[in-house]
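A quick write-up on the structure given underneath.
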């Protein structure tokens with residue numbers, strides 16, 4: 001398929017896990033993709049495997065440097081804000097430095113999206129922004145107070161972005177996955193003692209796969225979702241329905 005042929009898409013956190021899956025599937029569907037990350041080694045691996053994928057390295061926590069780098073990359077038809085972090089600790093033990101570190105990645109969504117959206121408006125591009133959130137934005141998860149808070153913030157920001165950018169023809173949405181079987185996810189959730197409680201709350205009885213999240217993201221990026229904006233789309237096997 002060439003659904004994204006001629007489209008230029010930026011993906012933050014694009015060199016591993018879900019982000020890498022999004023980058024490679026967009027590439028397969030004809031997009032000109034730029035993967036942005038602060039992991040030079042993983043970016044090199046991605047570039048070696050997919051030479052036509054453009055890569056850029058920056059620490060998204062650095063507001064000014066991020067603006068400089070993203071601005072230098074030019075104009076985009078879409079952006080996927082996938083970069084993030086998960087620090088798991090109980091509410092009573094949550095540390096301020098971990099809160100700040102996590103929220104820096106939420107702030108990066110504001111930063112990156114501002115730059116991209118302004119250029120969309122200047123170039124009269126009816127673009128699409130997809131922010132990667134989580135089921136944790138909509139349900140309480142034990143020991144996830146900072147993580148849940150960060151994803152709740154992403155959902156709220158997305159709704160405001162959709163409201164303010166909609167008049168320019170720019171759509172903004174989130175996907176809200178359950179546990180996803182990335183390479184790291186398989187290691188973290190391999191222990192049945194850990195996974196059984198979460199699995200028991202998912203009606204489909206399994207965790208998500210990377211390609212299932214990728215397909216949801218690409219749908220929201222595409223013209224197939226031309227009337228969808230400001231929504232949170234669970235990809236959770238029914239977790240939020242229980």
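Relative contact order for the chain: what percent, with Cα pairs under 8 Å and sequence separation of 6 or more?
For the chain, the relative contact order is 18 percent.
Using Cβ counts within 10 Å as a stand-in for footprinting exposure, how do 235, 22, 132 rank, fewest first?
Ordered by Cβ neighbours within 10 Å, fewest first: 235, 132, 22.
Classify the stretch 1-82 as rounded, prolate or oblate from the Cα gyration tensor: take a ≥ b ≥ c as the square roots of its eigenvalues, call it rounded if a/c is under 1.5, otherwise prolate when a/b beats b/c and oblate if not.
Numbers: a/c = 1.93, a/b = 1.33, b/c = 1.46.
In terms of gyration-tensor shape, oblate.
Given axes a ≥ b ≥ c from the Cα gyration tensor, I'd like to know whether the stretch 45-135 is rounded (a/c under 1.5), prolate (a/b larger than b/c) or oblate.
Taking the square roots of the gyration eigenvalues as a ≥ b ≥ c, the stretch 45-135 is prolate.
Suppose a student asked you for the relative contact order of the stretch 100-208, using Cα pairs under 8 Å spaced at least 6 residues apart; what percent would you report?
Values: 107 pairs, mean separation 29.1, N = 109.
Value for the stretch 100-208: 27 percent.
Calculated from DSSP H runs of 4 or more alone, at -39500 (n - 2.57) each and per residue, what is the 222 nm mean residue ellipticity of the chain, nearest 500? Walk me through the numbers on the way to the answer.
Numbers: 8 runs with 106 residues, N = 242.
Rounded to the nearest 500, it is -14000 deg cm²/dmol.
In the stretch 104-146, whose amide N lies under 20 Å from the spot 7 Å out along Cα-to-Cβ of residue 200? List them in ranges.
Counting backbone N atoms under 20 Å from the label point, the list is 136, 139-144.
Could I have the simple spin-label model distance between residue 91 and residue 168, label points 7 Å from Cα toward Cβ, reported in nm to one decimal?
Here the answer is 3.9 nm between the modelled labels.
Length gain on complete extension for the stretch residue 99 to residue 2, per 0.36 nm per residue less the alpha carbon to alpha carbon distance? Please report the intermediate quantities before stating the final value.
Working: separation 97, 0.36 × 97 = 34.92 nm, distance 4.09 nm.
Full extension from residue 99 to residue 2 adds 30.8 nm.
Going by C-beta contacts inside 10 Å, put 183, 89 in order with the fewest on the left.
Numbers: 183 11, 89 14.
Lowest to highest Cβ neighbour count: 183, 89.
In whole angstrom, how far apart do the alpha carbon centroids of the stretch 115-148 and the stretch 42-104 sit?
13 Å
Please compute the modelled spin-label separation between residue 227 and residue 191, points set 7 Å along Cα→Cβ, answer in nm with one decimal.
My value for the distance between the label points is 4.9 nm.
Could you list 44, 8 so that the one with the fewest beta carbons within 10 Å of its beta carbon is first and the one with the most is last?
The order, fewest Cβ neighbours first, is 44, 8.
Work out how much length residue 121 to residue 75 would gain on full extension: take 0.36 nm times their residue separation and subtract the Cα-Cα distance, in nm to one decimal.
So the extension gain works out to 15.5 nm.
Given the Cα-Cα distance of residue 160 and residue 110 and 0.36 nm per residue of separation, how much length would full extension add, in nm?
16.9 nm
Assign one of three labels to the chain, namely rounded, prolate or oblate, based on the Cα gyration tensor with a ≥ b ≥ c the square roots of its eigenvalues; rounded applies when a/c is under 1.5, prolate when it is not and a/b is larger than b/c, and oblate otherwise.
Note, shape of the chain comes out rounded.
Coordinate-derived values only; no laboratory data. Just so it is clear, the model here is predicted, and its values are computed rather than measured. Note that each Cβ is placed from the backbone with ideal geometry, even for glycine, and that neighbours are counted across all protein chains shown.
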